[in-house]
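The values are calculated or read from the model by the stated rules, or taken from the named source; none is laboratory data. Because the structure is a prediction, the values reported are computed rather than measured. Please note: Cβ atoms are built from the backbone with ideal geometry, for glycine as well, and neighbour counts cover all protein chains shown.
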Amino acid sequence: MFTVSSPALAWVVIFFSGSLEIVFSISMKFSDGYSRPFYSAVSVCSAVLSVWLVSTTLEILPIGTAYAVWAGIGAAGTALIGVLWLGEPATLMRFICIGAVVAGIVGLQLIGTA
């Protein structure tokens, strides 16, 4: 079984797990209401793997910090992909809000387990 043994490894796992949240969200969109088997399978598998991975960090990191960073990576990353590759509106206010999420993620990582 996979064990996270240090704060540095926990942050790497959180980043990877948050990236899987992006895969989950984008593949969910392409699954067309879970009617397309390939994208549906990618969506479900990435969601399960993402949640499992974030759970492995909770012995090291505070749950509030871990969850906020994990969800923030997924939210900000999905929003950026929506703008950059899926033709969603690229407004200044949208980028300011995404920047606020990213600033929060960085801030939580800087305070670490304090």
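The rows are residues; the columns are (1) without any contact (Cβ under 8 Å) to a residue 40 or more places away in the chain; (2) surrounded by 14 or more Cβ atoms within 10 Å (Cβ to Cβ).
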residue	(1), (2)
I60	no, yes
T65	no, yes
A79	yes, yes
W85	yes, no
R94	yes, yes
I98	yes, yes
V101	yes, yes
G104	yes, yes
Q109	no, yes
Check segment 8-16 and report whether any residue there is surrounded by 17 or more Cβ atoms within 10 Å (Cβ to Cβ), at negative phi, outside any loop (DSSP other than H, G, I, E, B) and touching a Phe, Trp or Tyr at 6+ places or on another chain (Cβ under 7 Å).
yes
Condition test on G64, is it modelled with pLDDT under 90 and assigned to a helix (DSSP H, G or I)?
yes
Filter pass, S35 being crowded, with 17+ Cβ neighbours inside 10 Å and either at pLDDT 90 or above or within 18 Å of L110 (Cβ to Cβ) (or both)
no
Picking from A47, A79, which residue would you name as being assigned to a helix (DSSP H, G or I) and modelled with pLDDT of 95 or more?
A47
Quick one: in segment 84-112, of everything that is within 18 Å of G18 (Cβ to Cβ) and in contact with a helix residue (DSSP H, G or I) (Cβ under 7 Å, 6 or more places away or on another chain), which residue is modelled with the lowest pLDDT?
G112
